[in-house]
Amino acid sequence: MSIKSFAAKAFARYIHAKNQKWINKPVATQQKVVEQLIKTAQNTQFGKDHNFNNINNHSQFMAQVPVRDYEQLKTYFDAVANGEPNILWPGKPLYIAKTSGTTSGAKHIPLTKESMPYHISAARNAILNYIHQTGKANFVDGKMIFLQGSPVLQTSKGIQIGRLSGIVAHFVPKYLQKNRLPSWETNRIDDWETKVDAIVQETKSEDMRVISGIPSWVQMYFEKLNATTNKNVGDLFKNFSLFIYGGVNFEPYRSKFENLIGRKVDAIELFPASEGFFAYQDQQDQKGMLLLLNSGIFYEFIPVDTFGTENQQRLTIAEVQLGVNYVLVISTNAGLWGYNMGDTVQFTSLKPFRVIVSGRVKHYISAFGEHVIGSEVEYALQQALQQHQAQVTEFTVAPQITPANGLPYHEWFIEFEKPPENLEAFAEEINTVLCTKNSYYKDLIKGKVLRSLVVTCLSKNAFQQYMAANGKLGGQNKVPRLTNDRKMADALTFFKNENT
């Protein structure tokens with residue numbers, strides 16, 4: 001065992017013991033967080049506008065601070081971006097994270113001196129937790145790669161602006177700098193395809209042991225490695241042992257990843273966003289990610305069934321239940337208050353509190369009241385892929401409300417790496433599983449309001465071409481799993497594989 005791996009294990013034990021203090025007192029921890037947030041921000045413009053001086057409990061907080069999304073809070077965010085101090089949080093933010101967004105277009109999210117350290121420590125602790133749990137630490141002696149946005153930042157009104165992943169690149173600890181790839185020069189490349197080609201050249205002869213990024217873009221990196229070296233990733237990087245990812249569900253990609261790598265490797269799922277680092281996978285054999293309750297974020301949870309209605313419920317961590325689909329609402333030490341960031345979650349464990357990301361508030365299909373969500377389509381697809389020994393590169397689903405013939409249906413646009421032998425049976429398998437997951441969808445099929453879903457096969461690299469055409473290739477951009485309109489679907493029809 002090297003000195004570095006020995007030190008990593010010792011540090012992992014220390015962090016694990018430290019985390020148990022808040023893990024074992026979740027309700028008290030959250031209460032302390034929200035009290036500190038309100039006290040700190042009471043003299044800000046937002047605090048004055050919402051009577052923070054008179055908030056002493058959650059009921060008063062709910063009465064004074066309504067749930068709002070980015071657009072509804074935009075006047076505050078614009079004031080922050082314009083350099084005005086003491087708007088959402090004392091002083092000015094250190095950075096503004098610019099994100100393309102999936103529901104509100106471009107967003108500018110403040111990062112403060114209080115919030116920024118938690119983005120760094122959460123990612124670090126996810127790895128340390130893995131070391132403590134598994135006892136595996138040899139990867140610290142090799143190279144690590146983090147596929148991310150450019151670290152080049154712009155300055156406006158005295159505030160630095162950039163992509164979150166690019167901002168985080170400035171905070172990589174010195175002891176990791178020698179192990180970390182790609183180089184600063186390569187990381188600065190804006191064009192994603194050019195950047196990946198450069199990363200391949202820099203890494204193909206290195207001892208890569210940890211690889212991190214959004215699965216769809218890591219997959220692109222793996223494919224280019226294979227094309228360049230004519231080797232699978234596992235043979236090229238013999239010590240590659242840990243994949244770290246976030247942003248999308250890994251399961252639809254898993255089979256193809258294992259094929260590209262040539263073997264299985266351990267994985268850690270993360271739940272980061274510009275708005276905060278919310279959770280990480282703390283157990284290799286458990287579904288769900290540990291919700292970080294001591295990281296300057298106060299969480300509220302609204303059951304999706306009540307969201308936006310007169311009966312809307314805003315629950316604290318003490319009131320949540322297993323398996324319920326909740327809209328995630330946050331108030332943070334970056335100055336986000338009653339903020340609906342658009343994600344939905346479900347709890348898989350209440351001791352400790354673990355969540356999965358079940359979808360997006362605005363990413364669903366409910367053209368006929370079926371309200372099909374992301375986790376349901378991902379599960380149905382995964383079951384069909386296993387049953388028919390198929391592999392996908394990417395997919396999305398949209399409603400076809402006015403077909404030329406017959407009843408309306410859900411149209412699945414799938415780019416296959418390995419298509420099923422019987423596409424019709426494959427589609428029927430998805431439909432059957434989806435009916436078991438969503439009773440509303442089942443009733444619409446049974447009542448002949450909808451007919452069974454239709455799979456439209458797309459040509460190779462269809463999604464890459466679509467994302468490139470829309471300026472969203474690479475970085476933190478993700479293909480939406482579901483849309484309730486035909487805008488994306490109609491564009492994808494141009495990539496239809498006519499040979500299927």
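So here's what we get for this one:
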item	result
Cross-chain or 6+ apart pairs with Cβ under 6 Å, region 118-135 first and under 20 Å from residue 298 (Cβ atoms), then surrounded by fewer than 23 Cβ atoms within 10 Å (Cβ to Cβ) and among the β-branched types (Val, Ile, Thr)	125/15
Tabulated pairs, region 192-221, first under 13 Å from residue 147 (Cβ atoms), second open to solvent by less than 40 Å² (accessible area, probe 1.4 Å) and of a type in the set (Asp, Glu), C-beta under 8 angstrom, 6+ apart or interchain	216/394
Yes/no for residue 87 being open to solvent by less than 60 Å² (accessible area, probe 1.4 Å), within 29 Å of residue 470 (Cα to Cα) and not in a helix (DSSP H, G or I)	no
Members of region 382-414 that are within 17 Å of residue 259 (Cβ to Cβ) and outside any strand (DSSP E or B)	382, 385, 386, 388, 389, 390
Near pairs, Cβ below 6 angstrom, 6+ apart or cross-chain, from region 34-62 (farther than 21 Å from residue 77 by Cα) to any residue that is assigned to a helix (DSSP H, G or I) and of a type in the set (Phe, Trp, Tyr)	55/61
Among the residues listed as 134, 155, the single one being open to solvent by 10 Å² or more (accessible area, probe 1.4 Å), over 18 Å from residue 191 (Cα atoms) and at pLDDT below 95	155
Residue 260, sole failed condition from (1) closer than 30 Å to residue 60 by Cβ; (2) more than 19 Å from the chain's Cα centre (by Cα); (3) of a type outside the set (Val, Ile, Thr)	(1)
Residue match in region 234-252 (condition: in a helix (DSSP H, G or I), more than 22 Å from residue 472 (Cα to Cα) and among the hydrophobic types (A, V, I, L, M, F, W, C))	yes
Lone qualifier among 277, 307, 298 - being more than 30 Å from residue 117 (Cα to Cα) and either in contact with a strand residue (DSSP E or B) (Cβ under 8 Å, 6 or more places away or on another chain) or modelled with pLDDT of 95 or more (or both)	307
Residue list for region 322-342, filter: free of Cβ contacts under 8 Å to residues at least 60 places away in the same chain and open to solvent by 10 Å² or more (accessible area, probe 1.4 Å)	322, 323, 324, 325
Number of positions in region 63-90 that are of a type in the set (Gly, Ala, Ser) and in contact (Cβ under 8 Å) with a residue 60 or more places away in the chain	2
Qualifying positions in region 254-270 - free of Cβ contacts under 8 Å to residues at least 60 places away in the same chain, open to solvent by less than 50 Å² (accessible area, probe 1.4 Å) and either within 22 Å of residue 414 (Cβ to Cβ) or part of a helix (DSSP H, G or I) (or both)	257, 260, 261
Condition check for residue 489: closer than 26 Å to residue 258 by Cα and open to solvent by less than 20 Å² (accessible area, probe 1.4 Å)	no
Lone qualifier among 276, 308, 296, 288 - being open to solvent by 30 Å² or more (accessible area, probe 1.4 Å) and either more than 16 Å from residue 349 (Cα to Cα) or not hydrophobic (A, V, I, L, M, F, W, C) (or both)	308
Options 376, 417: the member that is at pLDDT below 95, part of a strand (DSSP E or B), more than 30 Å from residue 45 (Cβ to Cβ) and open to solvent by 10 Å² or more (accessible area, probe 1.4 Å)	417
Region 348-373, subset at pLDDT below 75 and not hydroxyl-bearing (Ser, Thr, Tyr), residue surrounded by the fewest Cβ atoms within 10 Å (Cβ to Cβ)	369
Lone unmet requirement of (1) in contact with a Phe, Trp or Tyr (Cβ under 9 Å, 6 or more places away or on another chain); (2) touching a residue at least 40 places away in the same chain (Cβ under 8 Å); (3) not small (Gly, Ala, Ser) for residue 448	(1)
Every pair of residues 6+ apart whose Cβ atoms lie under 7 Å, when the first sits in region 345-356 and is closer than 15 Å to residue 20 by Cα while the second is open to solvent by less than 20 Å² (accessible area, probe 1.4 Å) and in a strand (DSSP E or B)	352/290; 353/291; 353/347; 354/289; 354/290; 354/291; 354/347
Of all residues making up region 180-197, the number that are part of a loop (DSSP other than H, G, I, E, B), crowded, with 16+ Cβ neighbours inside 10 Å and at pLDDT below 85	0
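Residue by residue, here is whether (1) surrounded by fewer than 22 Cβ atoms within 10 Å (Cβ to Cβ); (2) touching a residue at least 24 places away in the same chain (Cβ under 8 Å) holds:
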| position | (1), (2) |
| --- | --- |
| 397 | no, yes |
| 401 | yes, yes |
| 407 | yes, yes |
| 427 | yes, yes |
| 435 | yes, no |
| 441 | no, yes |
| 452 | yes, yes |
| 459 | yes, yes |
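The values are calculated or read from the model by the stated rules, or taken from the named source; none is laboratory data. What you see is a predicted model, and the numbers here were worked out from it, not measured in a lab. Note: ideal-geometry Cβ built from the backbone for every residue, glycine included; neighbour counts use all protein chains shown. These area figures cover heavy atoms from the full protein model, side chains too; ligands, DNA and RNA do not enter into them. Shrake-Rupley method; radii C 1.70, N 1.55, O 1.52, S 1.80 Å.
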